[in-house]
1. Per-residue counts of other Cβ atoms within 10 Å, averaged by peptide: what ranking do you get for 76-87, 127-138, 254-265, highest first?
2. Of the listed peptides 107-117, 40-50, what is their order by residue-averaged count of other C-beta atoms within 10 Å, with the highest listed first?
3. Normalising by the residue count of region 3-317, find the relative contact order in percent from Cα pairs under 8 Å and 6+ residues apart.
4. What residues have an amide H closer than 5 Å to that of residue 291, excluding those fewer than 5 places away on the same chain, when H is modeled at 1.01 Å from N in the peptide plane?
5. Can you work out ³J(HN,Hα) from phi for every residue in region 149-162, in order, using Karplus 6.51 cos²θ - 1.76 cosθ + 1.60 and θ = phi - 60°, giving whole Hz and x for Gly and Pro?
6. Suppose R0 equals 51 Å. What FRET efficiency, 1/(1 + (r/R0)^6) with r the Cβ-Cβ distance, do residue 32 and residue 141 give to the nearest 0.05?
7. For region 152-293, what relative contact order do you get, as a whole percent, if you take Cα pairs closer than 8 Å and at least 6 residues apart?
8. Exceeding 22 Å between C-alpha atoms, which entries from my cross-link table qualify? They are 25/276; 238/309; 25/184; 186/270; 105/184; 25/186.
Amino acid sequence: MGFLHDEFFISLPNEKQGVSAAAAKKTQWQDRAVLMWRIAAPIILLLGYAGNTLTIILLRRMKKQSAVYVYFGLLAVSDITNLTIGLLPRWVGHQFGYWIEDESKFACVALNWAGYSSGLFSTGLLVAVTVYRAACVVMPFRVHETCNSRTVSLTVVTLVVADTAFNSFVPFVIDYSADGCRWKKKYQEGLRPTLGCINAALYSFIPSVMIIISNVFLVWGLLQSFTTQESTRQHTFKIVAVMLVSVCFVFFTVPTSVVRIVDYSDPTLKESGSFKFLYDSTLILYYLNNAVNFYLYLCTGRFFRAEVKRLFTREGADPLGQRRYAKHSLPQLPALVGVTELPCAADSIATSAEPPSPNVEAHVEPPSPNAEAHVEPPSPNAEAQVASQPADTHAEELPEADLGAFSN
């Protein structure tokens with residue numbers, strides 16, 4: 001999230017600015033906000049760097065990855081970037097009084113553009129993985145068409161292009177001077193509130209609606225898998241993990257967007273120290289969203305916890321994917337069931353498709369005259385023929401008549 005969002009961040013008084021008695025209460029709230037940044041920010045950075053790094057390591061060790069795991073890996077990289085560009089400079093500024101974006105115009109433009117872009121890209125990835133997983137649940141028979149690596153690549157490229165194009169306005173609205181990195185005065189009244197509302201919609205409101213709708217389908221798919229007894233650990237992990245991450249996104253990002261819109265609607269709130277503290281609290285929640293995904297994966301189920309355990313034990317010497325897929329691969333099935341060789345499926349099909357032997361054809365012969373006579377009562381004419389003609393003659397004529405009727 002770019003620093004241009006945060007008017008409080010730019011106008012925060014430092015030690016060189018005098019504080020009047022009338023502003024004592026405001027200063028008290030500001031001191032509380034600074035203390036919150038100094039305590040909460042390093043904890044979030046530590047949890048975020050450790051958790052996202054472990055996520056990347058675990059996913060890279062898997063030999064065969066599904067598209068959901070690719071999304072999780074990209075999301076971890078995006079979260080690290082967002083923490084580094086957004087939270088780390090704020091913590092350094094509040095802790096040591098050194099504001100990186102105020103050092104040069106390049107630093108001002110680069111940090112703001114990267115902050116906007118990383119936040120929007122991270123949001124887009126989370127929406128993409130949620131909608132992707134919901135699509136796989138809704139259209140299970142088209143999974144190979146819609147849920148594949150090509151879809152992931154196309155989604156990532158689209159997000160990068162759209163993100164870059166949308167944030168191209170950043171260099172044109174910045175006014176870098178001796179006072180620091182600020183919006184240009186001509187954009188303070190009209191453009192800044194408008195862009196702020198648009199960003200709130202793109203960063204939070206619209207993604208939240210899409211995530212909630214997708215989660216409805218995910219819950220339905222999870223219940224269906226339990227009903228049909230088709231649920232596996234990995235299948236359940238993918239669905240529940242996506243749901244938890246997306247729900248936390250809604251919980252952590254919506255408050256920040258709401259507070260911004262309230263700020264734009266009433267500019268006098270900037271003078272309130274309590275509102276400043278409220279705004280900073282919601283901003284802490286926003287960055288907490290970039291640090292909790294790994295721990296949500298741990299809470300999801302035994303599958304991910306088992307992988308983490310293997311990473312820190314002797315079993316971690318064997319790559320996860322190679323061990324898992326070798327264990328369940330087809331060449332090892334004979335050893336599991338206790339046979340030395342399995343029949344080839346193609347041979348079985350060919351054997352079953354062979355033409356019937358002559359003995360089989362003999363069984364398809366039409367019924368004998370005695371059987372025919374037993375099934376249908378003989379007519380009076382037939383009885384007269386039996387009495388007047390020899391039995392062997394009828395034995396030759398009746399099969400021909402019956403065979404002709406059978407062939408028709």
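1. 76-87, 127-138, 254-265
2. Ranking, from highest mean packing down: 107-117, 40-50.
3. 27 percent
4. Long-range HN contacts for residue 291: none found.
5. 5, 5, 5, 4, 4, 5, 5, 5, 4, 4, 5, 5, 5, 5
6. 0.35
7. 22 percent
8. Working: 25/276 12 Å; 238/309 19 Å; 25/184 30 Å; 186/270 19 Å; 105/184 13 Å; 25/186 32 Å.
Exceeds cut-off: 25/184; 25/186.
Bear in mind these aren't lab numbers, they're just calculated from the coordinates by the rules spelled out. None of these values were measured; they are calculated from a predicted model. We place every Cβ from the backbone using ideal geometry, glycine too, and count neighbours over all the protein chains shown.
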